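Q: The structure's right below; bear with me while I get my questions together.
What follows draws every value from the coordinates through simple rules; no lab data is involved. Keep in mind that what you see is a predicted model, and the values were worked out from it rather than measured. Ideal geometry is used to build each Cβ from the backbone, glycine not excepted, and the neighbour counts take in all protein chains shown.
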Amino acid sequence: IIPSSATNVAAAKLGQTWNVALRNDGTTISWPTSEGGDTNIPPGLSNVAEVAANAELFLARLTNGSLVSWGTGWNGTGWVPVTPPAGLTDVVSIATGQAHAAALRNTGTVVTWGDNSFGQTNVPASLTNVVALCAGQYFTLALNSDGSVAAWGDNSYGQTNVPPAVTNAVAIAAGAFYGLALRSDGIVIGWGSDSYGAFDVPSGITNVIDIAAGGWNSAVIMNSAV
């Protein structure tokens, strides 16, 4: 049940057993899902500009470009802390995987940390000019300023095999084992595991302006005015 104090919300992220919402004043509030869970937001957390979540792992980007994390990540064998590197600053965007996390700095470079069982924190040496990033269960995606998409980490389902048709991308999203890209022409392309029809875009879906991915489901926002 969403608490009555969840007002003036600017953004929200869903975890496996608990959720977190970001208010307009930079504070956060959390509540358990139907599975129940701990809602321990770090005491005094404020000046939050962005939140990210995956399973039991939560990450907050503060307005000064620094990070705060709480919860734990599942690395396949146990729950482990996923603590940001000391001294990491100038962060403009964040993403969380199952047991790893990534940060985009204002220089267009990406920093990753946490579990690296599948190479999900091995940022390609050639990766520069990144404008957005996201993370799936054990892989990471980055959108470059030229509209291309880079992927690394677990490729058990082809989730790092970005299709050649992914060009002029303007947004990306990652599910548990699949990726999505939105092209500048409003077309959505998916790759990886298509379990439950995760990226089977229904016919008639055009003029898409934003995309989102859950564990095994996707959603889009369409421009109905076109």
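Q: In whole Å, how far is the Cα centre of the range 60-113 from that of the range 156-173?
A: 22
Q: Given H placed on each backbone N at 1.01 Å, which residues far from ALA171 in sequence or on other chains put an amide H within less than 5 Å of it?
A: LEU182
Q: Mind listing the phi-derived Karplus ³J(HN,Hα) values for the range 177-192, rounded to whole Hz, using 6.51, -1.76 and 1.60 with θ = phi - 60°, and x for any glycine or proline?
A: Ordered by residue, 3J(HN,Hα) equals 9, 8, x, 10, 9, 9, 7, 5, 8, x, 8, 9, 10, x, 7, x Hz.
Q: How much length would be gained if the chain were fully extended between VAL80 and SER203, taking 0.36 nm per residue of separation minus their Cα-Cα distance, in nm to one decimal? Could you put the intermediate results ahead of the total?
A: Details: separation 123, 0.36 × 123 = 44.28 nm, distance 4.17 nm.
Gain on extension, VAL80 to SER203, equals 40.1 nm.
Q: Also: Put +1 on the Cβ of every Lys and Arg and -1 on every Asp and Glu Cβ in the range 1-112; which of LEU88, ALA21, VAL51 then has its Cα farthest towards the positive end of the dipole?
A: Value computed over the given set: LEU88.
Q: Defining a contact as two alpha carbons under 8 Å apart and six or more residues distant in sequence, what relative contact order in percent does the chain show? Walk me through the intermediate numbers first.
A: Numbers: 600 pairs, mean separation 20.7, N = 226.
Contact order relative to length: 9 percent.
Q: Now for a different question. Quick check for me: using +1 on Lys/Arg Cβ and -1 on Asp/Glu Cβ, what's the dipole size of the chain about its Cα centre, in debye to the nearest 20? Mind dumping the intermediate values first?
A: On the way: 5 positive and 13 negative charges, 53 e Å.
Result for the chain is approximately 260 debye, rounded to the nearest 20.
Q: Ok, one more. What is the set of long-range amide H partners of TRP191 at a cut-off below 5 Å, with H atoms built 1.01 Å from backbone N?
A: Those lying under 5 Å, H to H, from TRP191 are GLY179.
Q: Next question. Lys and Arg at +1, Asp and Glu at -1: add these up for the other residues within a Cβ distance under 14 Å of THR96 and post the number.
A: Details: positive: LYS13, ARG61; negative: GLU50, GLU56, ASP115.
Here the count lands on -1.
Q: Still on this structure, please answer the following. Given an 8 Å cut-off on Cα distances and at least 6 residues of separation, report the relative contact order of the range 69-135 as a percent. Write out the running numbers ahead of the final one.
A: Values: 122 pairs, mean separation 18.6, N = 67.
So the answer I get is 28 percent.
Q: Out of the DSSP beta bridges found with both residues in the chain, what percent are antiparallel (nearest 5)? Don't skip to the answer; put the middle values down first.
A: Values: 58 of 58 bridges.
In the chain, DSSP labels about 100 percent of beta bridges as antiparallel.
Q: Separate question: Considering Cα pairs under 8 angstrom that are at least six residues apart, work out the relative contact order of the range 182-226 and quote it in whole percent. Walk me through the numbers on the way to the answer.
A: On the way: 58 pairs, mean separation 15.3, N = 45.
Relative contact order, the range 182-226: 34 percent.
Q: Something else now. Explain nothing, just compute: Karplus ³J(HN,Hα) = 6.51 cos²θ - 1.76 cosθ + 1.60, θ = phi - 60°, for every residue of the range 142-155 in order, whole Hz, x for Gly and Pro.
A: For the range 142-155, the Karplus-derived couplings read 9, 9, 8, 5, 8, x, 8, 10, 9, 9, 7, x, 4, 10 Hz, x marking Gly and Pro.
Q: Considering only PRO124, PRO32, PRO81, give the residue with the highest GNM mean-square fluctuation for the chain, with springs between Cα atoms whenever their separation is below 10 Å.
A: Checking each option, the largest mean-square fluctuation is seen for PRO124.
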